[in-house]
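The values are calculated or read from the model by the stated rules, or taken from the named source; none is laboratory data. Since the structure is predicted, the reported quantities are computational estimates derived from the model, not experimental observations. Here the Cβ positions follow ideal geometry from the backbone for every residue, glycine too, while neighbour counts run over all protein chains shown. Protein only, heavy atoms only, side chains kept; ligands, DNA and RNA dropped before computing areas. Shrake-Rupley method; radii C 1.70, N 1.55, O 1.52, S 1.80 Å.
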Amino acid sequence: MRIGRFSGALPLVLMTVLILAVGAYAAIRQDAFLTSFNLNNLLLLTMPLALVSLGQTCALLVGGFDVSVAAVMTFCVVVASFTMAYDTSGWALVPGALVLIAIGLGTGLFNALLIRVLKLPSIIATLGTLSILEGAALLLRDHPEGPISSDAVDGLTKSVSFVPIAFVVVVALAVAGDVWLYRTRTGLATRAVGLDETSSRRVGMATGRIVVLAFVLCSVMASLAGLYLAAQVQIGSPILDIGFSLESIACAVLGGASLAGGRGSFVGALLAALFLSLIDNVLPLFHQPTEYSQMTIGVLILLALVLYSAPELLNRFRTSRAGVGRLEVDDGEARAG
């Protein structure tokens, strides 16, 4: 029990310590870091990655991957340049935003169809979806054009002091997600499906519906991330960086998700997204190349996999030693007899 609790809290503790350590170092060495302008930029930069990482956590919980999330985000940015164009304002922006959510909903259902009905591996199914959406984005816009409504940008980035209102909502969403995941029956069922889908089905759980909902939520969160990405780039660009797919998986894993399914934390994924965004924010202040950010992600993933697996490996080692001890005792008794 103690090992289980320790392994569950370790990702949250590690991410918190890393955020505080890097933040403290940057604050001491660079006066610009603690300015309201920079802190606001940091939290706004975190928004797209945080949202898509929360969605990716849903997919990982049921033992799947969704590598199409980056393409969903790019496609939503391009579509937003039509539905939330520069001359659109006020309540006229709402239908345009709903179109983006509908894109996420449709993509999630399409991925779920490929995975549950056609029985394709999730990584293969979503890789195909990624290619389709990338092509569709280029078909709509073959180069960056179509400014996003300034009213939409102002509304999405509205802040109180240096804290974006939307970031507070995402924090509340992550906390509510963890409460649901570990304190409700449906949360327990979701984790059970990720741990052992066959056994879950035998005890009467609606495994198919749970997997479908997980991938739908993943794509819908990616569409919301695309909405905030549109507020950042402010133009319908079809050639945005597709690194969000891998980075969202990295955030979910750093936040405590298991690649095998059945374990994860929405708060952990949010903290990991904030940490990776913090790295991207700090490096330019120290005039360091952004390539260091990608190297940091790779090193941290490997470190996290080792650290997070340590309690389980220690438990297995103790069990195996106890088993060897019992065999030696039995062998000694047999010889004495």
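Listing for the model above:
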{"item": "Charge-dipole axis of the chain as Lys and Arg at +1 and Asp and Glu at -1 on Cβ define it, positive-most pick from G135, L156, A24", "result": "A24"}
{"item": "Mean separation of Cα contacts under 8 Å, 6 or more apart, over the residue count of region 149-223: relative contact order %", "result": "12 percent"}
{"item": "Where the chain is the region considered: accessible area per residue in Å², 1.4 Å probe", "result": "50 Å²"}
{"item": "Hz values of 3J(HN,Hα) by residue in region 69-76 - Karplus curve (6.51, -1.76, 1.60), Gly and Pro given as x", "result": "4, 5, 5, 4, 4, 4, 5, 5"}
{"item": "Cβ-placed point charges (K, R +1; D, E -1), dipole of the chain about Cα centre in debye, nearest 20", "result": "1300 debye"}
{"item": "Additional length obtainable on full extension of the chain from I239 to S159, 0.36 nm per residue less Cα span", "result": "25.9 nm"}
{"item": "Average Cα contact separation per residue, the chain, under 8 Å, 6 or more apart, as relative contact order %", "result": "34 percent"}
{"item": "Portion, in percent, of the accessible area of region 12-141 that falls on carbon or sulfur, probe 1.4 Å", "result": "76 percent"}
{"item": "Amide H partners (placed H, <5 Å) of S159, local residues excluded", "result": "I165"}
{"item": "Average silhouette area of region 123-271, convex hull of alpha-carbon atoms, in square nanometres", "result": "10.4 nm²"}
{"item": "Dipole of region 172-314, positive end: most advanced residue of L278, V179, A225 [Cβ charges, Cα centre]", "result": "V179"}
{"item": "Ellipsoid semi-axes in whole angstrom, largest first, where each is sqrt(5λ) of the Cα gyration tensor of the chain", "result": "39, 26, 17"}
{"item": "Amide proton proximity set for G146, modelled H, under 5 Å, gap of 5+", "result": "G236"}
{"item": "Approximate spin-label separation L98-L138, in nm, with each point projected 7 Å along Cα-to-Cβ", "result": "3.3 nm"}
{"item": "For region 289-306, Karplus couplings with θ = phi - 60° (6.51, -1.76, 1.60), whole Hz, Gly/Pro x", "result": "x, 5, 4, 4, 4, 5, 5, 4, 4, x, 5, 5, 4, 4, 4, 5, 4, 6"}
{"item": "Label-point separation, L307 to V13 (7 Å along Cα→Cβ), nm", "result": "1.0 nm"}
{"item": "Cα gyration tensor, region 1-154 - rounded (a/c under 1.5), prolate or oblate", "result": "oblate"}
{"item": "Global form of region 219-290, assessed from the alpha-carbon gyration tensor, a/c cut-off 1.5", "result": "oblate"}
{"item": "Region 129-170: proportion of alpha-carbon pairs further apart than 15 angstrom, %", "result": "62 percent"}
{"item": "Crossing angle, helix 266-285 versus the chain [Cα axis fit, 0-90 degrees, rounded to tens]", "result": "60 degrees"}
{"item": "Degrees, to the nearest 10: 93-112 long Cα axis against longest axis of the chain", "result": "30 degrees"}
{"item": "Sequence-separation-based contact order of region 123-250, relative, with Cα cut under 8 Å and 6+ spacing, percent", "result": "44 percent"}
{"item": "Neighbourhood charge, 13 Å Cβ-Cβ cut-off, centred on I148 and excluding it, Lys, Arg +1 and Asp, Glu -1", "result": "-3"}
